[in-house]
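Every number here is computed from the coordinates shown, using simple stated rules; none is lab data. Bear in mind the structure is a predicted one, so any value in this text is a computation, not a measurement.
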Ligand SMILES: [Zn+2]
Ligand SMILES: [Zn+2]
């Protein structure tokens, strides 16, 4: 792959548009896709429409898992700059907000899991974790302090601002190719399924399943969520070693995203997939009785960042496009509520 210099660092932008979507905008968006999915009952769709929905669901699930999460948030592998953009654009199709906005909130979650400042904390109630944080309008703006390694890329900042463009184009394409049935089934129904799948991850990743590692939080591994969400259910593994491209640490821990990443690595589209060493696999393991007990949530920020080799921003050196290898400096503060 060709190498090229990273673009100049852009000025730190602390105030911006509603990259996470405003309250009314997100509510309207989710209402529309749910109404569209209900419309499937009144339209005649074909097997092809169903297959398109399934394929679109898988592609979007992969892009938000591999692109937003494992690559942009954790630098768990390397790729070219154009592939970085494609993965980020594919993640936008999942309708969870712009890539930089999402990554900043996700890194904040890792630093403050189970504390009162954790965005997804189940302490605030199930519905807050499932849906509330996303449509509350509380976290509208991107906290660029948490993503100094990513905000230097103008194309990512642009995508972060216009993140609704990729899904809008996809919806338009389906309407043009197959008409209303394809739009309702291929786009709306698959969007609703993905929406609830992602919401389940936010709501259950710290409450459903078992714990293998003492991560200082209540993160858990769930086989069911891992099957449904391409490996994202191995959340306790992930909190233990965030820089890994492989969330299912053992062969029996199914991880669809990692399988696809390995295929992409075979054809040279991604490379340097990071995996845990034997020492990391053995570290901080819980004994059988400890696995069943969740630690009491602490309402003081954990604060302690993982070592650079394990940290959220840990990469292994620069590549063609990519984010810097150092873990971003984290103040842990979310951008305050603002009127957009
Ligand atoms: Zn993560
Ligand atoms: Zn977590």
Study note, to complete from the structure: Hull surface over four for the Cα convex hull of the range 23-208, reported in nm², is 10.9 nm²
Practice item. Scale the Cα Rg of the range 129-239 by the rule-of-thumb value 2.2 N^0.38 Å and send over the ratio, two decimals. Key: 1.33
Revision key, fill the gap. From the Cα centre of the range 98-136 to that of the range 227-272, the distance in Å is 22 Å
